Amino acid sequence: MNQEEQPTSSMSEKDSLKYLAIGVGALILIILLIFFVFKYINPYKPEQVTYNYFNFIKKDTHWMTDWQSKQGIFELGFRFNPFEAESVQLTGQLNSSFNDRDVIYVTFDPLADSKQFKYVALGSGELLLILKRALNKNVEMACTQQDNDACVGRPIINCDPEKSVILLKPNAPTKLVLEDSCIIIQGEGFELLKSIDRILYQWLKIMK
């Protein structure tokens, strides 16, 4: 009996090895198939929106778009896309001399809520970057009043009919007010950045 069972045992081992090889091959095939599907059939696609023929692509924290000027094509970044910025209320009208003056002053109150300073810093930096780089404006930072730290050496500027001024007010409600030669940009926290993007979109003629 033992001699007759030996061939059966040998065949069983061969079958086990065969099935193991088939199983490993099938597993490898499934892994390769999953890799192919994710890489080629369903690749990662960043968020995109199109607004007035401008295509915006979300990259990290900013919506990027190409903008054509006389100096060439610039890639510009915004915290909010135009659809999001549409919610910012805009009232008033600027006089024609705003864009004709040599300097645009961006001013803020250094004694305002210190918790909002980081948003003022972020917003003013992004505002200056686009005004200078894309729109070729001469922009200077200023303060509405003097203090002993942030405004040392800066001019003291408030809304003035004889100057072109952008006043940043980091408090609610979120809105834009155009008053003769002054643009008042208002919003609390990231809402201030939304208001800044809204006026930039209008300046760049992306929004009307």
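For residue 88, the shell of other residues with beta-carbons less than 11 Å away shows a net charge of -1, using +1 for Lys and Arg and -1 for Asp and Glu.
Geometric descriptor of region 48-203, per residue, is 116 Å³ (volume of the convex hull of the Cα atoms).
Once a ≥ b ≥ c are taken as the square roots of the eigenvalues of the Cα gyration tensor of region 146-208, is the result rounded (a/c under 1.5), prolate (a/b larger than b/c) or oblate (a/b not larger than b/c)? Kindly include the intermediate steps, with their values, before the conclusion.
Working: a/c = 2.15, a/b = 1.39, b/c = 1.54.
Since a/c reaches 1.5 but b/c is at least a/b, the shape of region 146-208 is classed as oblate.
A Förster distance of 35 Å, applied to the separation of the beta-carbon atoms of residue 150 and residue 99, puts the FRET efficiency at 0.80. Placing a label point 7 Å from the Cα of residue 84 along the Cα-to-Cβ direction, the residues of region 45-60 whose backbone N falls under 18 Å from that point are 45-52, 54-60.
Coordinate-derived values only; no laboratory data. As the structure is a prediction and not an experimental result, all values here were calculated from the model. As a convention, Cβ positions derive from the backbone with ideal geometry for all residues, glycine included, and neighbour counts pool all protein chains shown.
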